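The values are calculated or read from the model by the stated rules, or taken from the named source; none is laboratory data. Bear in mind that the values here come from a model prediction, so they are computed numbers and not experimental data. We place every Cβ from the backbone using ideal geometry, glycine too, and count neighbours over all the protein chains shown.
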Amino acid sequence: MSENRSKVAIIGAGFVGASTAFALAMKQLVNEMVIVDVARDKAAGEALDINHGLPFIGQMDIYDGDYSDCADCDAIIVTAGVNRKPGESRIDLAKKNLIIAKEVTNNVMKHYTRGVILVVSNPVDILTYKIQKWSGLPEGRVLGTGTVLDSSRFRYLLSEKLDVDVKNVHGYIIGEHGDTQLPLWSATHIAGKNIREYFDDPKYGITEEYRREIIEKVKSAGAKIIGKKGATYYAIAISVNTILESLLKNQNTIRTVSSVINNKYGIDDVALSLPAVLNSNGVKEVMDLSMTEDELALLHHSAEQLQSILEAVKDI
Ligand code: NAD
């Protein structure tokens, strides 16, 4: 493959995989895209459906394939998995999806030549940690979408509240992509004006109560959408596209992806999200930020929660 061609594989052609493929095609982000699924017909159908729109967007090579097609990919995106059933615990879901993820990793690594593995399937932090270990790839080469979507939801809600363009709202949700995530208020700003200045001015309504409310809204956003339409896929597909763009264009963009953390903020040997610099090799660097004591304590709590799940699934 010549230097200027780009290729990605999407493993899993469900709601998330198919929406990601569609978004990638609309953005014309890659030259070649292979979709792999145990349900081969589903992958073939999604590829055909997108191919039939190419005359109006531009030439790409999109097809269903098998794991041998993961060779020479810039990125391999893992969306295979099952969704949580009512009443099922997070550990039960983790076990089911880890079994699938292990099979996927083994198959991918038989043919792997280069590129980044981007994990989307849930629980994304647990899968990112395990795939990093199973694959034997250098740290940073395996990353998860983590709290990129949560950070996007946070920014969206703040922009709505403050009635300002979401692109001017900068803020990060960090930690677990799950219940113990936390907002990094200390690094949240509107075009350079720290959010704390808004706390102090009653006209903006960023009260303590509102701050608690927005955190809950971000945390429960996925469940709310699932309650209404059965699954979430558009915003995650856009998040995957944004991460891929940083990777493929070597942009050094800062995003709250999940990656294995060692020697940072007193945290070791767990995957979670922190603002990190992304380039074509994956996570180039996790940022050092001055967090408040409260933020650090919450981040440690999140890391401990994830470590306890890792302990519960250590035999997989
Ligand atoms: P889905 O059920 O629509 O699709 C899953 C696909 O995986 C199916 O097509 C299935 O055939 C395939 N699959 C299952 N086992 C496989 C295997 N061993 N090898 C290859 N393919 C296999 O589910 P979805 O709605 O697309 O969600 C996929 C995953 O993404 C879930 O784990 C979900 O929780 C997660 N998700 C994550 C985020 C996030 O922010 N990280 C957001 C939304 C969904």
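Observations on the model:
- Condition broken by Ala101, with the remaining ones in (1) modelled with pLDDT under 95; (2) touching a Leu at 6+ places or on another chain (Cβ under 6 Å) satisfied: (1)
- In the stretch 48-64, the residues that are in contact with a strand residue (DSSP E or B) (Cβ under 7 Å, 6 or more places away or on another chain) and either away from the ligand (no atom under 13 Å from the Cβ) or among the β-branched types (Val, Ile, Thr) (or both): Ile50, Asn51, Met60, Asp61, Ile62, Tyr63
- Residue in the stretch 33-40 that is farther than 21 Å from Ile243 by Cα and in a helix (DSSP H, G or I) present: yes
- Among the residues here, Glu32 does not qualify as within 12 Å of the ligand (Cβ to nearest atom) and either modelled with pLDDT of 95 or more or outside the structural domain of Leu127 (by TED's automatic domain parsing) (or both).
- Criterion: in contact (Cβ under 8 Å) with a residue 12 or more places away in the chain and closer than 30 Å to Ile117 by Cβ - qualifying residue of Tyr204, Tyr210, Tyr233: Tyr233
- Of all residues in the stretch 177-235, those being surrounded by 13 or more Cβ atoms within 10 Å (Cβ to Cβ), part of a loop (DSSP other than H, G, I, E, B), over 24 Å from the mean Cα position of the chain (by Cα) and of a type outside the set (Val, Ile, Thr) number 0.
- The lone exception for Arg40 - which of (1) touching a Lys or Arg at 6+ places or on another chain (Cβ under 8 Å); (2) within 12 Å of the ligand (Cβ to nearest atom); (3) charged (D, E, K, R) it fails: (1)
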